[in-house]
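As structure tokens, the structure follows; a few thoughts come after it.
The values are calculated or read from the model by the stated rules, or taken from the named source; none is laboratory data. Source: prediction; values computed, not measured. FYI the Cβ positions are ideal-geometry reconstructions off the backbone, even for glycines, and counts take in every protein chain you see. These accessible areas exclude ligands, DNA and RNA; they are computed on the full protein's heavy atoms, side chains included. Shrake-Rupley method; radii C 1.70, N 1.55, O 1.52, S 1.80 Å.
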Amino acid sequence: MAQQRALPQSKETLLQSYNKRLKDDVKSIMDNFTEIIKTAKIEDETQVSRATQGEQDNYEMHVRAANIVRAGESLMKLVSDLKQFLILNDFPSVNEAIDQRNQQLRALQEECDRKLIALRDEISIDLYELEEEYYSSRYR
């Protein structure tokens, strides 16, 4: 909760709307599923014929199944929206990843610098020896 309080008003409102969407979609799935189960129960006495009641029940089940599918698709869209929100608004983890990468690159830079300095020293020694050889030779 403390983290949510630190969020700007628009982000907090957005998170509240995500929470409401989640609750509404799950409630829709549960209600429709419960009604499908109730519809599947056979009643002995009805005022309409069995064929008519069967068609009406079939139609109601199709509508409720479509509502369940719609709620499921809405939940998948909500997951996508939450992922996008997290990617766009999770600055601490992004900054941490950037800092870790910077540390890795600095360590690599220091290693390269050490190798270059060692190479420079070896070349300097070899060049000094070659100069001595050249200046001490009679073919100068």
Subject >> Filter result for the condition that a residue is touching a Lys or Arg at 6+ places or on another chain (Cβ under 8 Å) and open to solvent by 90 Å² or more (accessible area, probe 1.4 Å), over Y134, Y59 >> reply: Y134
Subject >> Selected residue (only one of I98, I87, I117, I123 is farther than 28 Å from K27 by Cα, aliphatic (A, V, I, L, M) and open to solvent by 90 Å² or more (accessible area, probe 1.4 Å)) >> reply: I123
Subject >> Among the residues listed as M61, M30, the single one being under 30 Å from E12 (Cα atoms) and under 40 Å from the mean Cα position of the chain (by Cα) >> reply: M30
Original post:
Among the numbered criteria (1) out of contact with any Leu (no Cβ under 9 Å at 6 or more places or on another chain); (2) under 30 Å from E12 (Cα atoms), which single criterion is violated by N89?
Top reply: (1)
Original post:
Where in the range 1-110 are the helices (runs of 4 or more DSSP H), entirely inside, with at least 2 residues that are in contact (Cβ under 8 Å) with a residue 60 or more places away in the chain?
Top reply: 9-40, 50-89
**OP:** Give me a count of the residues in the range 25-43 that are over 16 Å from A65 (Cα atoms) and either surrounded by 14 or more Cβ atoms within 10 Å (Cβ to Cβ) or at pLDDT 95 or above (or both).
**Re:** 0
Original post:
Mind checking whether some residue in the range 126-137 is of a type in the set (G, A, S) and under 30 Å from E35 (Cβ atoms)?
Top reply: no
